[in-house]
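Inspection log for the structure reproduced underneath, given as structure tokens.
FYI, it's all coordinate maths here, none of it is from the lab. Remember, predicted model here, so these are calculated numbers, not experimental data. Counting neighbours? That spans all protein chains shown, and the Cβs are built from the backbone with ideal geometry, glycine included.
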Amino acid sequence: MTAHEQFGEDLALHALGALEGEARTALEKHLEGCSGCREELAQLRGDMALLGTATAGPKPPQRARQRLLEAIAKEPRGAATKARGFSWWAAFGWAAVLGMFLVVVQLRRENAAVRDAMTALGDLVKTQAVQLSNARRVVESLTADDSQKVTLVAAKTPALPQGKAFYLRNKNSLVFVASNLPPLAPQKIYELWLIPIDGAPIAAGLFKPDAHGSATVVNPPLPPGVEAKTFVVTLESEHGSHDAPHGAAVMAGGA
């Protein structure tokens, strides 16, 4: 049990002015060093102002009800009681108010938990929507009638490495699949380039082959609507070239 849970009912009773003795002393000592409980007490007193005129409500928790009745039982009887204007009906009214008050507190905490859960669910839905959109773009690039399907072959003989580029310019989507690539030397990497009909070469992704010489590049960031003339794979330093090809061409292919 946390300190906030331990003093939860004491805070409610303190807001009602019904907490006395050692419990009140312990709570006030705790409040001196706990800003969270001080803020909770202030909110409880604010809620009490809204419930101050209520005379009926749900049954309060048994422990809180018992402590309130014990406090009532300590009140003197007889003429002194009448002089102080004590009323059993008022006491039961306060017990009902306490019950309503604690229900309000619990509902407020449950509402906060529901809001947090809804926020997490919204984030998950957004992530899944992005993943679904990317999957659709991949399928569209591979199957669309107007997708450019380009086969890249080795720039040098023997023509062992091969690659295929599936480019859908009106969707700004590119899928590149390579095979039979030789292993990379240390601090080297392959880089795919889109050579447009007009303009400078466009970097289309860095990649390394797996143990079988296979590699893929899926939906790299590209400017929209660029018409491709050629695709080229070059061997670059480990961070790539990005602005223009500098390394040796490994394979190339045109539309």
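Structure data summary
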{"quantity": "³J(HN,Hα) computed for each position of region 141-146 - Karplus, 6.51 cos²θ - 1.76 cosθ + 1.60, integer Hz, glycine/proline x", "calculated": "4, 7, 10, 5, 5, 8"}
{"quantity": "Environment charge at Ile202 (Cβ cut-off 12 Å; Lys +1, Arg +1, Asp -1, Glu -1)", "calculated": "-2"}
{"quantity": "Region 148-254, relative contact order [Cα under 8 Å, separation at least 6], %", "calculated": "31 percent"}
{"quantity": "Summed residue charge, Cβ within 14 Å of Arg38's Cβ, Lys/Arg positive, Asp/Glu negative", "calculated": "-3"}
{"quantity": "Region 106-206: C-alpha pair distances exceeding 24 Å, %", "calculated": "49 percent"}
{"quantity": "Over region 148-254, equivalent-ellipsoid semi-axes from the Cα gyration tensor in Å", "calculated": "21, 15, 13"}
{"quantity": "Label-point separation, Leu160 to Thr143 (7 Å along Cα→Cβ), nm", "calculated": "3.6 nm"}
{"quantity": "Length released on extending from Val103 to Ile197, taking residue separation times 0.36 nm less the Cα-Cα span", "calculated": "26.8 nm"}
{"quantity": "Cα-projected label distance for Ser133 with Val177, points at 7 Å along beta-carbon direction, nm", "calculated": "2.5 nm"}
{"quantity": "Net charge of Cβ neighbours under 15 Å - reference Val139; Lys, Arg +1; Asp, Glu -1", "calculated": "+1"}
{"quantity": "Separation of the Ala23 and His239 label points, Cα + 7 Å toward Cβ, nm", "calculated": "6.7 nm"}
